[in-house]
Amino acid sequence: MSGRKSITISLLILNLLSFLPLLTISFSPDQPTDRRILVLLDDLALKSSHSIFFTSLQSRGFDLDFKLADDPSIAVKRYGQYLYDGLILFSPSTDRLGGSLDLEGVLDFVDSGHDLILAADVSASDLIRSIAAECGVDFDEDASAMVIDHTGYAVSQLEGDHTLVAADDFVQSDIILGNTKIEAPVLFKGTGHSLNPDNSLVLKVLSASSSAYSSNPASKLSNPPSLTGSAISLVSVVQARNNARIIISGSLDLFSNRLFRSGVQKAGSSYKFEKSGNEQFVTELSKWVFHERGHLKAVNLKHNKVGGTDEPSMYRINDDLEFSVEIYEWTGTSWVPYVANDVQVQFYMMSPYVLKTLSTDQKGLYHTSFKVPDVYGVFQFKVEYQRLGYTSLSLSKQIPVRPFRHNEYERFITTAFPYYGASFSTMAGFFIFSIVYLYNK
């Protein structure tokens, strides 16, 4: 009996030891880049047909775990801890994910602060559409619809049905797409989607041209299409309030070696690019979604009275105080000072009584000084910073503010001198009147 117990304990220890390496390489506040990524595929042949994209991730230090989407052994959580930092769903036709992973499991994964890349296609299943809808993206209701552009298509030897679109309407953000401009158009062949107007967190990063529309290329267009023009999003991103990041693409081929290596000439243009912009576009976008860029942290939030260094337990009304905080940006390998001129601090109680823009020393330190308002109560220092492409910062620190004590008021107030004079003149007048009244015969 004791032998069985010792074997059981030994197996438990081995399981825990095997789990520890996963924790050491996972996402952490000090190194926020995702490291271990689960890749779910419709077909393992995608490992070779999309190998350039996967090799790019691995060369940047990511550990990719490839599985078929319906693999019954799939598990993203063990002992209450997530085994992966990111999830790539390259399985547009999968109706049901394997193991314990389902729609709710994917959403819980994102709600826990982890990142997601989802690639759909014309064959997108209800599961993929449901995940996208929960993220604020609605694919065309017609399951056979594709994006068609008769003026913005990619020129090829075969005239075709103009479903291979050469798109170049990118979001204007160096944080999301990098500092290097994408010169060549991106080749896109797939289904379009629209953004839920009630979701303010979703953003188009690649849009269709004004001449594009979504329809079944194999059938005649009898009714006006539901998606037209630049309202069609080809690739969208989401940054959740917990700073989880999501990419949703209407094309799985967007990530393929074939389109990465393909030359592109947009209809109406005489210039042909030797290589499409797909590889640069996808690489830069993956750097953003996996927190290699645009990730901020704030540390060392401090406040003290002017001339002091220690942080007081409370302030008195009309005190002069100093406030400072340090903000850094992650570059993928190290933290560097974040430089901006629009970081603000609020001195807040029910509403902001003071709103100040912080000055910076260009080395990550932001600071300001102000006078405590003439109102006592429980206040908060609040820094709320939200900018396109960056993780949001939300900091607060509570501090009480008291009124003057009875022995802290000024003994003589300048503005009260007329009242002082009136009082003394009244007393003097009464004294003179008394003298006159008593001694006047």
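The values are calculated or read from the model by the stated rules, or taken from the named source; none is laboratory data. Small disclaimer: the values here were computed from a predicted structure and weren't measured. Positions of Cβ are backbone-derived with ideal geometry, glycine not excepted, and every protein chain shown enters the neighbour counts. To get the accessible areas, we keep the full protein, side chains included, count just its heavy atoms, and leave off ligands, DNA and RNA. Shrake-Rupley method; radii C 1.70, N 1.55, O 1.52, S 1.80 Å.
Structure values in brief
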{"read-out": "Elements of type strands (runs of 3 or more DSSP E) in region 32-144, at least 2 residues being of a type in the set (Val, Ile, Thr) and buried (at least 19 other Cβ atoms within 10 Å of the Cβ)", "value": "36-41"}
{"read-out": "From SER251, SER236, SER194, residue being assigned to a strand (DSSP E or B), surrounded by 23 or more Cβ atoms within 10 Å (Cβ to Cβ) and hydroxyl-bearing (Ser, Thr, Tyr)", "value": "SER236"}
{"read-out": "Condition check for TRP335: among the aromatic types (Phe, Trp, Tyr) and buried (at least 20 other Cβ atoms within 10 Å of the Cβ)", "value": "no"}
{"read-out": "Residue within region 289-301 that is open to solvent by 60 Å² or more (accessible area, probe 1.4 Å) and over 28 Å from GLY152 (Cα atoms) present", "value": "yes"}
{"read-out": "Pairs with Cβ under 6 Å, 6+ apart, first in region 350-376 and of a type in the set (Asp, Glu), second open to solvent by less than 40 Å² (accessible area, probe 1.4 Å)", "value": "ASP374/ILE317"}
{"read-out": "Residue list for region 295-328, restricted to those being assigned to a loop (DSSP other than H, G, I, E, B), hydroxyl-bearing (Ser, Thr, Tyr) and in contact with a Lys or Arg (Cβ under 8 Å, 6 or more places away or on another chain)", "value": "none"}
{"read-out": "Residue within region 199-207 that is touching a Cys at 6+ places or on another chain (Cβ under 9 Å) and either surrounded by fewer than 17 Cβ atoms within 10 Å (Cβ to Cβ) or farther than 30 Å from TYR338 by Cβ (or both) present", "value": "yes"}
{"read-out": "Candidate set: region 399-441, residues that are under 30 Å from PHE347 (Cα atoms) and surrounded by 10 or more Cβ atoms within 10 Å (Cβ to Cβ); chosen: the one modelled with the lowest pLDDT", "value": "ILE413"}
